[in-house]
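Shown next, in structure tokens, is the structure this report addresses.
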Amino acid sequence: MTWHWIGLALIFSLTPFPADLAMITGRIPERLRTRLTPTRTRGWAVLPLYAVAPLNAIPRMAGSPAITLAATAVAGIVAVTGCVVAAIPALRTANTA
């Protein structure tokens with residue numbers, strides 16, 4: 001079971017990490033530039049959403065219920081922050097239209 005959590009944390013956090021960094025720095029293919037208008041904002045929004053996986057998986061391996069509960073609360077705050085960062089450009093676009 002421990003290896004399952006380690007694999008979950010690695011796959012869901014490290015796999016999209018290069019794509020997130022590319023979006024944050026603005027390096028995306030030309031054909032996607034018209035589709036993804038706020039690329040840097042989306043990169044910053046997706047990064048915390050994928051950081052939730054290790055925040056949930058790694059403390060569960062420790063086995064302490066208090067640490068697991070605290071890490072789950074932190075993961076929830078990080079996920080909400082990522083969702084808010086992703087929603088801000090959409091709200092700005094809706095208000096200007």
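Near Ala86: Cβ cut-off under 14 Å, other residues only, Lys/Arg at +1 and Asp/Glu at -1. The net charge is +2. A 1.4 Å probe over all protein chains sorts Val46, Val74 by accessible area into Val74, Val46, starting with the largest. The calculated FRET efficiency for the pair Ala62 and Leu21, based on their C-beta separation and a Förster distance of 41 Å, comes to about 0.90.
Leu47 sits with roughly 40 Å² accessible to a 1.4 Å probe, with DNA, RNA and ligands left out of the calculation. Karplus-derived 3J(HN,Hα) values for the stretch 59-67, using 6.51 cos²θ - 1.76 cosθ + 1.60 with θ = phi - 60°, are x, 5, 6, 5, x, 7, x, 5, 5 Hz; glycine and proline are entered as x.
The values are calculated or read from the model by the stated rules, or taken from the named source; none is laboratory data. Please read these numbers as outputs of a predicted model, since none were measured by experiment. Ideal geometry is used to build each Cβ from the backbone, glycine not excepted, and the neighbour counts take in all protein chains shown. All accessible areas refer to the heavy atoms of the entire protein, side chains included, with ligands and DNA or RNA removed. Shrake-Rupley method; radii C 1.70, N 1.55, O 1.52, S 1.80 Å.
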